[in-house]
Each structure stands twice: as C-alpha cells, then as structure tokens.
Amino acid sequence: MHSFRYVGKELYCEDVALSALAKKHGTPLYVYSEATLTDHYTKLDEALAALDHRICFAMKSNSNLAVIRTLAGLGSGFDVVSAGELARTIAAGGDPTKCVFAGVGKTEEEIAYALKQGIYSFNVESEAELQRISKVALRLKKIAPVAVRVNPNIDAHTHAKITTGTYENKFGIAFEEVEKVYARAAKLSNIRLRGIQMHIGSQLTDVAPFRKAVEKVAPLVDRLSQKHGFDFFSIGGGIGIVYQDALASGDPAWWSGSKGKGILTPAAYAAELVPLLKPLGLKILLEPGRFLSGNAGALVTRVEYIKRTGKKNFVIVDAAMNDLIRPAFYDSYHEIVPLTRKGGATIPSDVVGPICESGDYFAKDRPLPKVGEGDHLALLSAGAYGSVMGSNYNSRGLAAEVLVKGKKSALVRRRQELSEIWALESKAPWQA
Ligand SMILES: Cc1ncc(COP(=O)(O)O)c(C=O)c1O
C-alpha cells in the first residue's frame, strides 16, 4: 500500500507535500516513500512466514543507497547483476553474504570480487560461466557457491522486453538440459552446488504463470536437491504492481481482498505458491524488484510550455526520456496527476519531454486536467526501473532524488552539475 495521496488539493508523499519538495529541490525530482518500501517488504515477508525464506531485493529496479539501506535495515538480501551493484550494496550497509549474483555476462574480475566478498550464490546462466567460476575460484583458493538458472519455458504473458522464461530469451539453461548440466558441474573443482534459480519475467499481475512454473520445476528441484544437497530454491522476482490506477491503489481497501482490483497481493501469491514450495524443505529465495520499489516512487516534473497544434495539446515538461525511459522503451503507462488538484473538464494531452526524439513522451492523448506553464505534475509508480535507467542523453544532468519518512525528507541524490556530465572526458593530445 503506497503513501502518495491527496490531502485537500495537494498531493502528498506520506506527510510531505510534493509541491514543497519541488520548490526546495527543483525538478525533475524523484521522490521515494520509506513507508511504502517498508510496507511492501513487510507484507511479502509476512505472507511467506510459513517458509524458511529470504527476500533478495532486485536492486536493478532502484539502487539508490538510501533505498538499499532502508531494505537492508529490514533484513533484505539483494539480487545484484554486476560488481557495481554488489559494491553499492556494501556501500549502503547491505550484507554481501545475503547477495545473489545474476546475469549472463559476469566477467572474471566480477566473479573474483564477488568471491572475495563472500556472496551467498552465483546464479549461473551457462556452462561456460560455470567453468569460468570454477577457474577463478581455484585460482583464489575459494569454494564458489552456485545455482544454475533453469529456464522453464513458461510464457509469463507480459511485455516482450520483460519476458525471460521462454526459449526465445538469452536467460538460463533449458529445463530439459539442467540435470545434465548439474551432473557435469558436480565434477568441476571449487564449486559448491548450493541451489537452483528461476525467473520467468517481470510485471506479472496474475499468479497463474508463477504457479505453472513452480509446478513444473519443483519435481526437478527435489531430484537435484536429493543428489547435490541444495540449500535453496530461488523463484525469482516478477510480482507486478498497479500502473493504471496507481493513485487509487493507495487505498487500503485495495489490499484487503485476496486479489485486490488487479493487484497481485502477497497474500494471493503466497496462498498459491507456499503449498507447492513447502514440501521441498529448502530455503526459498525471492528476488522482487518492482513490487518493493515501483509504487514507492514518483517523478515530479514542471510544465514548461503548452503547445496546441491542429491535432494535439502538447504538455511539454522538464523531465524527459533520459529521466524515465519506460514509456519510450516498453510503451509503459504511468498515471500522471497534478501536484495541486484541478477541477474542470479534462483535455486529451500528449505529455512530452524536451529531448530531440519523437519517442520522448510520457503519455499520448491522455485525458488531463487543464494545466499551464509552471504547474507541476507527478508521474506515479516511477520507483522501479526509473532513475536507475537514467542517462545523460542530450547532455542533461541526472535528476535529484529525495527520500521521505513521515514528516521528514532528505536529499538522497543531489542533482548532477552540468560540468559533471563531461567530467570523465578530455580533449585528444593533438587537439589545441
Ligand atoms: C533474475 C532476475 N531476478 C529478479 C528480477 C526482478 O524483477 P521484478 O522487478 O519484476 O521483480 C529480474 C528482473 O529483470 C531478474 O532478471
């Protein structure tokens, strides 16, 4: 249950008016709610109480140090996909021994770093990677804990760019191959076969594909675990969130039913999966990203211009695709609401940024209240795969980020100065 709501005419994050934050820190501005992160983590944690389990936050969804620190404080582990993410976890006070390291392209340097930090497990995506991990572990005189990522070939029925569990994708090892791969891996030196992992896709709002995947994979897990003495089975992340009615979903009533109105609640997820997982007798790992961070964040932006053409009402804002690329990248929907609620009729509007790309838009033909220059808007559900995908395209500085806790707020990433954008660059020696 998230903490963005109108109090009178003003949009608040917890007990802080977003307009006050926009005034203090400028825009574009990401605002995160600590209460929402905590609530979502706790709901999931409690729903899984019947299992020995660990939540490993997929920090690719939001790797701000303050967000990681909040979750680390709740006991979360982390799903990392690079040495950089592992280093960030440690910098934020996260525990590397609760980290799993995923990704298809781990370099030798990254493997060595993760081994030295004592991570919980490598989630391995290929046999070549197993051999590389074995080689590095041998050199460092370490035993590498590994889990093979099984690709169960289950269609998650989500956006093509976030489906990962079918044979069209680069991820994991085909279901039919996995047992042979484990048999070969068992012969590699300095490898400990600690578990098995899967992740079928992201933004799943129905529990059925999760159930199908667990039903298919559980007997394999059981067989392999008996043979190799597993500690854990990671069922990945992927729990979807509300984008369409994001504001309304802050109402506790949405969470009270087992299925909510289109919400995949932790209770509904657990009710289906716990009975399938419990008999395995293993620690169950989850790697939720979006579920924890998505509805916990909003991107606040200022209206720069209104441009009316024969066909369109363009609302040109100061945020752009370099701040939030999801609409351009995934055609994704973000609810857009004014910081100060407006009455009157709505106008179909295209909300666009200043970048020189037709793809630089946040909404097309969206019914929006009449807004004008200097008004502020919030793009909701922007806490996952938002700021982390930010870039300096068009030499635009990275947005600032604020964390809210009750009445308190803190700048947890300052706005990038222009000179910092090219700080890593220099002239060639032959240039005057
Ligand atoms: C291996 C793995 N685990 C977890 C996640 C997190 O997914 P989500 O944010 O949908 O929970 C991803 C997302 O790409 C992933 O690839």
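The values are calculated or read from the model by the stated rules, or taken from the named source; none is laboratory data. Small disclaimer: the values here were computed from a predicted structure and weren't measured. Ideal geometry is used to build each Cβ from the backbone, glycine not excepted, and the neighbour counts take in all protein chains shown.
Brief remarks follow.
- When residues of the stretch 383-401 are limited to those that are aliphatic (A, V, I, L, M) and crowded, with 24+ Cβ neighbours inside 10 Å, the one farthest from the ligand (Cβ to nearest atom): ALA399
- Positions within the stretch 311-338 being in contact with a Gly (Cβ under 9 Å, 6 or more places away or on another chain) and free of Cβ contacts under 8 Å to residues at least 60 places away in the same chain, in sequence order: ILE316, PRO327, ALA328
- Among the residues of the stretch 165-184, those that are surrounded by fewer than 20 Cβ atoms within 10 Å (Cβ to Cβ) and small (Gly, Ala, Ser) comprise ALA174, ALA183.
- The listed residues are VAL242, VAL214, and the only one of them that is β-branched (Val, Ile, Thr) and closer than 16 Å to LEU276 by Cβ turns out to be VAL214.
- Lone unmet requirement of (1) more than 16 Å from the ligand (Cβ to nearest atom); (2) touching a Pro at 6+ places or on another chain (Cβ under 6 Å); (3) closer than 14 Å to VAL150 by Cα; (4) not hydroxyl-bearing (Ser, Thr, Tyr) for VAL221: (2)
- A single member of ILE316, ILE284 is modelled with pLDDT of 95 or more, within 16 Å of the ligand (Cβ to nearest atom), more than 17 Å from the chain's Cα centre (by Cα) and farther than 23 Å from GLU10 by Cβ, and it is ILE284.
- Restricting attention to the stretch 1-20, the residues that are in a strand (DSSP E or B) and either surrounded by 19 or more Cβ atoms within 10 Å (Cβ to Cβ) or modelled with pLDDT under 95 (or both) total 5.
- Residues satisfying the stated conditions in the stretch 321-338, i.e. among the hydrophobic types (A, V, I, L, M, F, W, C) and within 24 Å of ALA17 (Cα to Cα): LEU324, ILE336, VAL337
- Residue within the stretch 116-123 that is within 19 Å of ALA218 (Cα to Cα), in a loop (DSSP other than H, G, I, E, B) and hydrophobic (A, V, I, L, M, F, W, C) present: no
- Residue in the stretch 326-341 that is among the aromatic types (Phe, Trp, Tyr), closer than 17 Å to GLN244 by Cα and not assigned by TED's automatic domain parsing to the domain that holds LEU264 present: yes
- The sole residue among ARG341, ARG302 that is more than 16 Å from the ligand (Cβ to nearest atom), touching a residue at least 60 places away in the same chain (Cβ under 8 Å), in contact with a helix residue (DSSP H, G or I) (Cβ under 9 Å, 6 or more places away or on another chain) and closer than 24 Å to VAL16 by Cβ is ARG302.
- Among the residues of the stretch 89-100, just one is within 16 Å of the ligand (Cβ to nearest atom), in a helix (DSSP H, G or I) and out of contact with any Pro (no Cβ under 8 Å at 6 or more places or on another chain), namely LYS98.
- Criterion applied to GLY93, GLY73, GLY77 was being of a type outside the set (Phe, Trp, Tyr) and surrounded by 24 or more Cβ atoms within 10 Å (Cβ to Cβ), and the one residue passing it is GLY77.
- One residue stands out in the stretch 275-313 among those that are in a strand (DSSP E or B) and of a type in the set (A, V, I, L, M): the one that is farthest from ALA218 (Cα to Cα), namely ILE306.
- Looking across the stretch 269-281, the residues that are away from the ligand (no atom under 14 Å from the Cβ) and in contact with a helix residue (DSSP H, G or I) (Cβ under 9 Å, 6 or more places away or on another chain) come down to ALA270, ALA271, GLU272, LEU273, VAL274, LEU276, LEU277, PRO279, LEU280, GLY281.
- Entry remark, the stretch 317-360: residues being within 19 Å of TYR30 (Cβ to Cβ) and among the hydroxyl-bearing types (Ser, Thr, Tyr) number 3 in total.
- Of the criteria (1) modelled with pLDDT of 95 or more; (2) surrounded by 15 or more Cβ atoms within 10 Å (Cβ to Cβ), which one TYR330 fails: (1)
- The number of residues in the stretch 233-250 that are more than 11 Å from ASN295 (Cα to Cα), β-branched (Val, Ile, Thr) and more than 8 Å from the ligand (Cβ to nearest atom) comes to 1.
- One residue from SER256, SER202 being farther than 30 Å from GLU176 by Cα and either crowded, with 19+ Cβ neighbours inside 10 Å or away from the ligand (no atom under 16 Å from the Cβ) (or both): SER256
- Neighbours by Cβ (under 7 Å, 6+ apart or cross-chain): first from the stretch 45-72, farther than 18 Å from ARG88 by Cβ; second within 16 Å of the ligand (Cβ to nearest atom) and assigned to a loop (DSSP other than H, G, I, E, B): none
- Answer residue from the stretch 101-144, given it is of a type in the set (Asp, Glu) and buried (at least 19 other Cβ atoms within 10 Å of the Cβ) and is nearest to the ligand (Cβ to nearest atom) among those: GLU125
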